[in-house]
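Have a look at the structure below, then the notes.
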Amino acid sequence: MSKHHTTAKEETHIVHGVSSCHTTSMDLVPPIHMTSTFKFTDQPHAQAVFEGSQPGYLYSRISNPTVDQLQTKMALLEGTQDAIATASGMSAVASVVMSLARPGDNIVSCNTVYGGTFALYHDHLAQFNIETRFVYPRDYNNADAISPLINKKTRLLYLETPANPTLDIVDIALWAALADTHGIPLVVDNTFASPWLQKPVALGAEIVIHSATKYLGGHGDIIGGIIAGDNSMITTIKESYVNHFGPCMSPFNAWLVLRGLKTLVVRMERHCRSAMTIAQWLETHPKISRVYYPGLSSHANHAIAAKQMKDFSGIMAFDIKGGIEDGKKVLNAVKLCTLAVSLGDCETLIQHPASMTHATYAPEELKKAGISPGLIRLSVGLEHPDDIIADLDQALAMIS
């Protein structure tokens, strides 16, 4: 990182990050290196770069200065030695699992995860003879229930916290202790929290994953993923999967994430503040039966969230008393909130997990994961919270 910021506060790191990949000292904003390949001075130079005996760039699938800038910054923010930027959040998840597990192995995962992750774990890994052993919500923070699932063939533990879409909170330190006991890595999807609100590595995790599409980019205009970890782990993932299967991030998308990261702190502070206001209002609404938001004292794992998070993020879910049919009326009646999947954007997004992001779950699996048929997920944007509340209020008024 830049020598001028070595003792700076984290907010300053997030804005300034690193400058080692700038092409000139006069660049305020890192340039976009939109090139597929790189020139060499002569054949010995090319050979040295390919052999790794001399630093340099050879092909943007392998490395690129703009992508390197993002990777170095994400390692800085997550407190790791290195990071990989990938084409999507799902490519980050797949890259980790396919690098560490082989046919006959297993992984242990929380059952409440993003729908794409669930489909990969529940359906597709079986094609490679890799078993997924799921931990269900009642046991997320029960070491005695998790331990029997781990054996000599377990290659990693995996969790999301806060979990998608129920906002379940999983004790990272507890899972990290289990992983350490068995000599395997704990992988934490930190998408809902962002590195500003939660530091999984500081709590014992070995690998951190993000969908950069969400809070890191922050503007709903890119698809990307991040894997952060120590040098040896990142090298393993790069060389055994990413470099040759090719899920690399484009330089332009890396530049957009770098741009989005500069405002991460101020965006997250606004998302969190507004989400708390809206969650408290929803909790008092007569047509809402339950609000899922870890910042509320009524949340079952509020104490764990308060221990491992700086604040409680901008995502919540709620059940409408009338169930799925009344939920559909609300989704169709909102005017300011946008009916769309994804999260972490400037705009407030509202969606129905059971029929949208988590349609990969069969009905019985939805029940096991604690996702009710009428659950609605809300990603609170940067609009004034009063206007979001007014929109939800008029939509709820459509229910007789």
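The values are calculated or read from the model by the stated rules, or taken from the named source; none is laboratory data. The model shown is predicted, which means the values in this text are computed figures rather than measured ones. Methodologically, a virtual Cβ is constructed for each residue, glycine included, from the backbone with ideal geometry; neighbour enumeration extends over all protein chains shown.
Does any residue of the range 171-192 turn out to be in contact (Cβ under 8 Å) with a residue 60 or more places away in the chain, out of contact with any Pro (no Cβ under 9 Å at 6 or more places or on another chain), in a helix (DSSP H, G or I) and not small (Gly, Ala, Ser)? Among the residues of the range 171-192, not one is in contact (Cβ under 8 Å) with a residue 60 or more places away in the chain, out of contact with any Pro (no Cβ under 9 Å at 6 or more places or on another chain), in a helix (DSSP H, G or I) and not small (Gly, Ala, Ser), which makes the answer no. Please find, within the range 338-351, the residue that is surrounded by the fewest Cβ atoms within 10 Å (Cβ to Cβ) out of those that are among the β-branched types (Val, Ile, Thr) and closer than 17 Å to Ala163 by Cα. Among them, the one singled out is Val341. I want to confirm something. Restricting to the range 232-274 and keeping residues that are surrounded by fewer than 19 Cβ atoms within 10 Å (Cβ to Cβ) and among the aromatic types (Phe, Trp, Tyr), which single residue is farthest from Gly52 (Cα to Cα)? Filtering first and then ranking leaves Phe252. Each residue in the range 108-131 was checked for being within 16 Å of Leu157 (Cβ to Cβ) and not in a helix (DSSP H, G or I), and 8 pass.
Just so you know, in the range 308-356 the residues that are within 21 Å of Tyr215 (Cβ to Cβ) and assigned to a helix (DSSP H, G or I) include one that is modelled with the highest pLDDT, and it is Gln308. Annotation note: of Gly220, Gly225, the sole residue that is surrounded by fewer than 21 Cβ atoms within 10 Å (Cβ to Cβ) and touching a residue at least 12 places away in the same chain (Cβ under 8 Å) is Gly220.
Would you confirm whether or not the range 55-69 contains a residue that is part of a loop (DSSP other than H, G, I, E, B) and within 26 Å of Ser194 (Cβ to Cβ)? Looking for residues that are part of a loop (DSSP other than H, G, I, E, B) and within 26 Å of Ser194 (Cβ to Cβ), one finds at least one in the range 55-69, hence yes.
For beta carbons closer than 7 Å, sequence separation of 6+ or different chains, a first residue in the range 136-157 that is assigned to a helix (DSSP H, G or I) and a second that is of a type in the set (Gly, Ala, Ser), the qualifying pairs are Pro137/Ala369; Pro137/Gly370; Asp139/Ala145. Of the candidates Met249, Met309, the single residue that is in the same structural domain as Asn142 (by TED's automatic domain parsing) and within 18 Å of the chain's Cα centre (by Cα) is Met249.
When the range 28-68 is filtered for residues that are of a type in the set (Val, Ile, Thr) and surrounded by 14 or more Cβ atoms within 10 Å (Cβ to Cβ), the ones remaining, listed by number, are Ile32, Thr35, Val49, Ile62, Thr66, Val67.
Residues are listed down the side, and each one gets a yes or a no for (1) in the same structural domain as His210 (by TED's automatic domain parsing); (2) under 30 Å from Tyr292 (Cβ atoms); (3) touching a Pro at 6+ places or on another chain (Cβ under 9 Å):
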position	(1), (2), (3)
Val96	yes, yes, yes
Ala101	yes, no, no
Gly104	yes, no, no
Val108	yes, yes, no
Leu120	yes, yes, no
Leu125	yes, yes, no
Glu131	yes, yes, no
Pro137	yes, yes, no
Thr154	yes, yes, no
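As a summary of the residue check, Thr338 satisfies the conditions (1) closer than 27 Å to Glu78 by Cβ; (2) touching a Leu at 6+ places or on another chain (Cβ under 7 Å) except for the one numbered (1). Based on this model, can you work out whether Ala205 counts as over 28 Å from Lys367 (Cβ atoms) and surrounded by 22 or more Cβ atoms within 10 Å (Cβ to Cβ)? Judged against the criteria, Ala205 is a match. Scanning the range 11-40 for residues that are at pLDDT 65 or above and closer than 26 Å to Glu269 by Cα gives Glu11, Thr12, His13, Ile14, Val15, His16, Gly17, Leu28, Val29, Pro30.
Residues of the range 78-106 that are under 14 Å from the mean Cα position of the chain (by Cα) and in a helix (DSSP H, G or I): Glu78, Gly89, Met90, Ser91, Ala92, Val93, Ala94, Val96. The condition of being surrounded by fewer than 19 Cβ atoms within 10 Å (Cβ to Cβ), out of contact with any helix residue (DSSP H, G or I) (no Cβ under 8 Å at 6 or more places or on another chain) and basic (Lys, Arg) holds for only one of Lys310, Lys335, Lys321, Lys329, that being Lys321.
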